[in-house]
Amino acid sequence: MPEPEAPPADGVAVEINGREVIARKGELLIDAAERAGTYIPRFCYHERMRPVGMCRMCLVEVDTGRGPALQPSCMIECTPGMKVDTESEATKKAQDGVLEFLLINHPLDCPVCDKGGECPLQDQTMAYGPGESRFLEEKRHKEKPIPISDLVLLDRERCILCDRCTRFAKEVAGDPLIHFIHRGNNTEVNTFPDEPFASYFSGNTVQICPVGALTASTYRFKARPWDLETTESTCTQCSVGCRISIDSSRDEVQRFAGVDVDPVNWGWLCDKGRFSNGAVTSPDRLGEPLVRQGDALVPTRWADALERAASALRAATPQSIGVIGGARLTNEDAYAWAKLAKGVLGTDNVDAQLGDGLPAQAVLGLPRATIDQVCTPGGTVLYLGPDPKEELPVLFLRLRHAVVEDRATLVEVSPRSSGLSSLAAASLQPRPGEVGELVRALVANADSDKDVAGIAAADVNAARALIARSSGPLSVVLGRPSVAESADAVLDAAGAVVAARPDARFLPALRRSNVLGALDMGLAPGLLPGRVALDDGRDWFAGQWPTVPAGAGLDTEGILSAAADGRIDVLVLLGADPLADFPDHDLAERGLAGARTVIALDTLLNASSRKADIVLAAAGFAEKAGTTTNLEGRVSTLSQRVTPPGTARPDWMLAAELAARLGADLGFGDAGEVLAEIGRLAPSHLGVDLATVAAAADGLLLPLGTEPAPTGSGDAEHEGAEADAAAVRSDAADDTEAAQAEEAAATEAEGDATADDAEADPAVPATEPAPAAPALVSFAAGVPSPVPALDAYAFRLVATRKLYDQGTLVQASGHLAGLAPGTTARIHPSDADRLGVAAGDRVVVRSPRTSLTLPVHPDAGVPRGAVALVLNQAEVRVADLVDADASVTELRIETAS
Amino acid sequence: MAITDAPKIITSRFGYDDSHTLTRYVSTGGYQALRTALEGSPAALGEAVKAASLLGRGGAGFPAGVKWTLAPADVWPRYLVVNGDESEPGTYKDRLLMERDPHQLIEGVLLACYAIGAGQAFLYVRGEMALAQERIAEALNDAYKAGYVGRNILGTDYSIDVVLTWGAGAYIVGEETALIESLEGNRGMPRLKPPFFPAAKGLYMQPTIVNNVETLSNLPWIVNNGADAYTALGAENSRGTRMFAVSGHVRNPGVFEVEYGVTTFRDLIYAPVYAGGIRDGNEIKAFIPGGGSAPWFFEEHLDLPLEKATVDKAGSMLGSGAIVVMDETTDAVKACLRLVRFYARESCGKCTPCREGTTWLERILQRILDGHGRPSDLELLMDVSDNISPGLAWPPKQTTICPLGPSATAPIASALGRFRDEFEARITEAEEARTSVPVELKAPSHA
């Protein structure tokens, strides 16, 4: 759609169909024309990929002073005085000719083609094509369709050879596994022999295919486009927060597709996100509450389940209640549960993370970077997180683009090589537990004269030079690369960066979809909603909530330990599966066994909820409206497209139901009211409500008023002013924040004056809030826990994740379930030589806890003295090896007899 | 008749059995031009070649000395790419130059590199030319050993590497941007010009000069004898000598080096020293003057000189210097199909009109030959051709990136234009057969 906008200052005046159009400098004719309201038909051109000028559909007559000539408008930049005729006889003849050429071998099996009804070839044939075929010969025949991966099928008869999928695979995903083969009339897209198109991003090719040549095995013959109802939402498979469209038919989700938004996903999705619709429609979805009867969980009525849960909670003291999870809920769900747990039950034993993330205060307190800031053209990125290709795939695509196309410099520090390593200017693999020391050397003012964390001084110094050279602000991506390494090590590294580089901005690389939202909403010990510490926010919330916890509570590890010791009466699992996800499996098992009553809220039964006493069926993705917060802190909408199975209901509603049974009214009747309360009370979210979120097409960055100027534009002049702008911005932020707090307080007072019944409820005492909102948490570097001395015989464990694992949602998404790769013990080839083992040999990996037997695989991407295993894969439970209290997990490797 | 006694410039060593060896090359004045040039400046060498008005011999006939100046100043590195992917139907002159006088080519490459300031040259030889590859490899090894190529050649501070590489048998790689793609390890598909003019954004997006084998082989002689000696030969806009490959229905097919722009088609086709006339005393029906892509010429064109501008004006081109002669026994429909089929099979598959259109044309022609033609087919042939090359004009316009697609339409326009009656006869025969005897409909064969 053409958007009315002021002509750019350095615009280029061109004439399109006799009308003057001001194009941007360097803008392609096809784009300039479209902005001006003249759509030029095209098949191969895609605005997120390099043009190839291959399909020839966009030929138009262009006159640059040497007479009109047919030129592909997708390859031609606008030049001053260019005269373009998109409607001339020559243009029309050429376009009709191209369309006829495309159709002569096209099978025209539209009635049985998934694309029929939303097919650019079909649409353009209606708009431009000749009515009859002059082609008498027999069409090309190929076997149809052939699977090119587990998820994508290729029909070469339908293919019009536009190079979109192949370009995507090579240019965008960096997985050039599909290519043209043969030539001329025999040209076809195919894979290499015995090399499937096993890309994490393969589904994007289905979306961008302009015909039905590429179809998804999850969607084939499932629906017709004209029967689909579509709603835009945000993907919740990881915390990148890709915008997504949900298509449903007959009240059933049929498929997801990427929506192009500039600051986040550019239209791309990973296959896990795209094909996770199976988990929504899974026959195993919980549609009614369950309660334990002996060894079995049996269905019951809601009144019964809720009453059992309420009575368990009623009987428990605040200190004996623990709430784990919530990072997969909506912001509204998370707030409602924070309010129930902290404001009604009075417990601070609440943690949305499962011991595999980073402390909430640190995550919320660090200056935040957006994805665009991290991917600033020519910028410098210090990557201290898990493999983004495995955990945050679309962030990987953005980083890849930044490096490959926009000359960003990437310094990767990870405990083993990752999908990013080949893109990094420097990729360092420190010994587990010693990342802090390495990062300190990397941001130091002088070269290191000795090896650091097992890395040669020369390599450290080369990487240090790259970081020191950065002109703009340093971007840091910070996460937990290995759960077998204490979070303290990562915090130590972050502290080193903060101390040395005050300009550094951080992008948290925590994987669960709404982990940042859950932390924002106070689902962490010692925090209240709105990024405030418990003690700082106590007065602010005291008047609004029935109660506020007396002191800081336990995190997940603490709750599980307390439960194992019999000190937890009620353990609530908010969509959490500690048995699968908590890094220390033994502790998780003892904790779950030790808790007197376990209440689980979930959409599907998982290992942990199977052991629960009460299971409350929750509405899941696409079944409830709300908002979610991605890793940048960007709040965007989640939409309801279908009704939940059975009588499953949103988590916030379950919190409200339980609160009512406990004699408290949470004070909201729908998700919008929850958000309104968040916008009224949570200091970081002041001013947010449904209208503000809905109005922000790209989502809202919080606190309001701190939305940074876009940096992804590649504008060089703008980069120079970056530092100044940042300084101004932070000043402005302070002002805005204060102003907003005042405003909010004023609104509050007004609201109270005209208080309706709900607000006058005794559960929410209507006292005046404190005049100014409490300060937001800030980062304080911790003290790293000591790492044991190097032991020449021990291997330090690196425990990472793969995109596909035994996780409940992956396993419930039928087509993804089989893609979990399993794990081998990966060790450095020199270690393999030392142990006398070769690839495929079975070894025993022994920790103080237990031992596992699995095949070994030499891998130069693993540092010497370390062993890399993949979490949550079939057969091998790596979490059995890990001791949550240890700073690193040390293992011995023996050959299996 | 203008059969001149112009000296042999590039085929002078063809008479020796050991013409490909370094010994023979050096003993016959080889690498003397390199020594001379290295004593002067690159600019002087460039000027000399410009003054010689040496036209490119690959097909387009662009002045080589001018081409050298097209690389943007101060962008380094820049490369020389030698287009040895000679594959235009009827053309086999570069192959002989590579097989019989590889050192002459190498010396030409070194001169060009010195003139444009390249430190690296890539010699791309057609995949099927095994002997040429072998001989160039041997010659390069010898030249490296003798110090003509490599670090500080001939004791100067000029260093140059020449890399030999070869294709995998795709006609399209003779197109310079496709050749560059292939050199980079990609599928040989042309790039759009603009923006990818090789001189500006060529190999690895660096300035790249792409020269033809015959063009470069002229350089040593020009340096040794001077631009004046070169321009003394040939016609006003076509200087020096040029190699023409004559094939088809002639008594004595072969490659002949003749004075450029002076000798006529009639000389070349009929003179006993050249092709020796039409076989079996037959009459000439048509001839292709410049490789398979060129519109056909007929009897009335025989007295045109082999001169670029004249031939261009007459509606065809000298192209790659390949003259294919067809005598009166030739079936115009079959000849047309034979050429169209070549382009259909060699289409790289990138642009829709060429990929789909050339094969469609081939199948219509095949259908006409098979006795399944319809009267509307002639109109269809012309219109499909028009959708590949709008207006079927000369020089051709194109809806494609490179001229391969339009090349397939040239024989159709020529054959249909001149021998429409032969096409119509085929179709009428078919019509009559259909109406008199019921025939079983069968799918046309596409042999």
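The values are calculated or read from the model by the stated rules, or taken from the named source; none is laboratory data. Because the structure is predicted, anything quoted here is derived from the model rather than measured. Counting neighbours? That spans all protein chains shown, and the Cβs are built from the backbone with ideal geometry, glycine included.
Structure notes:
- On inspection, A:G646 fails the criterion of being at pLDDT below 95 and either surrounded by fewer than 24 Cβ atoms within 10 Å (Cβ to Cβ) or in a loop (DSSP other than H, G, I, E, B) (or both).
- When A:T218 is tested against (1) buried (at least 19 other Cβ atoms within 10 Å of the Cβ); (2) within 16 Å of the chain's Cα centre (by Cα), exactly one condition is not met: (2).
- All of A:P72, A:P68 fail the test of being within 13 Å of chain B (Cβ to nearest Cβ), surrounded by 15 or more Cβ atoms within 10 Å (Cβ to Cβ), without any contact (Cβ under 8 Å) to a residue 60 or more places away in the chain and in contact with a Cys (Cβ under 7 Å, 6 or more places away or on another chain), apart from A:P72.
- Every residue from region A:380-406 that is without any contact (Cβ under 8 Å) to a residue 60 or more places away in the chain and either in a strand (DSSP E or B) or β-branched (V, I, T) (or both): A:V403
- Residue count, region B:181-198 (criterion: more than 12 Å from chain A (Cβ to nearest Cβ), assigned to a loop (DSSP other than H, G, I, E, B) and surrounded by 20 or more Cβ atoms within 10 Å (Cβ to Cβ)): 1
- Set A:K93, A:K83: member being of a type in the set (K, R), more than 30 Å from A:G267 (Cα to Cα) and touching a residue at least 12 places away in the same chain (Cβ under 8 Å): A:K83
- Candidate set: region A:183-215, residues that are part of a loop (DSSP other than H, G, I, E, B) and under 26 Å from the mean Cα position of the chain (by Cα); chosen: the one nearest to the other protein chains (Cβ to nearest Cβ): A:C209
- Residue, surrounded by the fewest Cβ atoms within 10 Å (Cβ to Cβ), within region B:342-391, restricted to residues that are within 9 Å of chain A (Cβ to nearest Cβ) and among the hydroxyl-bearing types (S, T, Y): B:S376
- Within region A:142-178, being within 11 Å of another protein chain (Cβ to nearest Cβ) and surrounded by fewer than 16 Cβ atoms within 10 Å (Cβ to Cβ) holds for one residue alone: A:P176.
- Region A:75-86 - residue that is under 13 Å from A:A13 (Cβ atoms) and among the aliphatic types (A, V, I, L, M) and, of those, nearest to the other protein chains (Cβ to nearest Cβ): A:M82
- Test result for A:A424, small (G, A, S), surrounded by fewer than 24 Cβ atoms within 10 Å (Cβ to Cβ) and either in contact with a Leu (Cβ under 9 Å, 6 or more places away or on another chain) or not assigned by TED's automatic domain parsing to the domain that holds A:L474 (or both): yes
- Filtered residues of region A:122-141 (kept if more than 14 Å from chain B (Cβ to nearest Cβ) and surrounded by fewer than 16 Cβ atoms within 10 Å (Cβ to Cβ)): A:D123, A:M126, A:A127, A:G131
- Among the residues examined, A:P377 does not qualify as surrounded by 24 or more Cβ atoms within 10 Å (Cβ to Cβ), in contact (Cβ under 8 Å) with a residue 40 or more places away in the chain and touching a helix residue (DSSP H, G or I) at 6+ places or on another chain (Cβ under 9 Å).
- Helices (runs of 4 or more DSSP H) (entirely within region A:237-316) containing at least 1 residues that are over 14 Å from A:F621 (Cβ atoms) and not acidic (D, E): A:302-315
- Any hit, region A:34-53, residues being within 11 Å of chain B (Cβ to nearest Cβ) and of a type in the set (S, T, Y): no
- Scanning region A:519-536 for residues that are surrounded by fewer than 21 Cβ atoms within 10 Å (Cβ to Cβ) and part of a helix (DSSP H, G or I) returns A:D535, A:D536.
- Cβ pairs under 6 Å, 6+ apart, first in region B:160-180 and within 14 Å of chain A (Cβ to nearest Cβ), second of a type in the set (K, R): B:G167/B:R126; B:T177/B:R191
- Residue tally, condition over 17 Å from A:A695 (Cα atoms), of a type in the set (G, A, S) and in contact with a strand residue (DSSP E or B) (Cβ under 7 Å, 6 or more places away or on another chain), over region A:221-248: 4
- Count - residues of region B:106-142 that are part of a helix (DSSP H, G or I), without any contact (Cβ under 8 Å) to a residue 60 or more places away in the chain and touching an Asp or Glu at 6+ places or on another chain (Cβ under 8 Å): 2
- Test: residue in region B:205-218 that is outside any strand (DSSP E or B), without any contact (Cβ under 8 Å) to a residue 40 or more places away in the chain and within 13 Å of chain A (Cβ to nearest Cβ): yes
- Within region B:56-79, at least one residue is more than 21 Å from the chain's Cα centre (by Cα), among the aromatic types (F, W, Y), surrounded by fewer than 14 Cβ atoms within 10 Å (Cβ to Cβ) and not assigned by TED's automatic domain parsing to the domain that holds B:R239.
- In this entry, B:V325 passes the filter for residues that are in contact with a His (Cβ under 6 Å, 6 or more places away or on another chain) and more than 14 Å from chain A (Cβ to nearest Cβ).
- Considering only residues in region A:313-337 that are farther than 14 Å from A:L601 by Cβ and aliphatic (A, V, I, L, M), the one that is surrounded by the fewest Cβ atoms within 10 Å (Cβ to Cβ) turns out to be A:A315.
- Restricting attention to region A:501-518, the residues being assigned to a helix (DSSP H, G or I) and either modelled with pLDDT under 95 or in contact with a Pro (Cβ under 9 Å, 6 or more places away or on another chain) (or both) number 2.
- Filter pass, B:G349 being in contact (Cβ under 8 Å) with a residue 60 or more places away in the chain and outside any helix (DSSP H, G or I): yes
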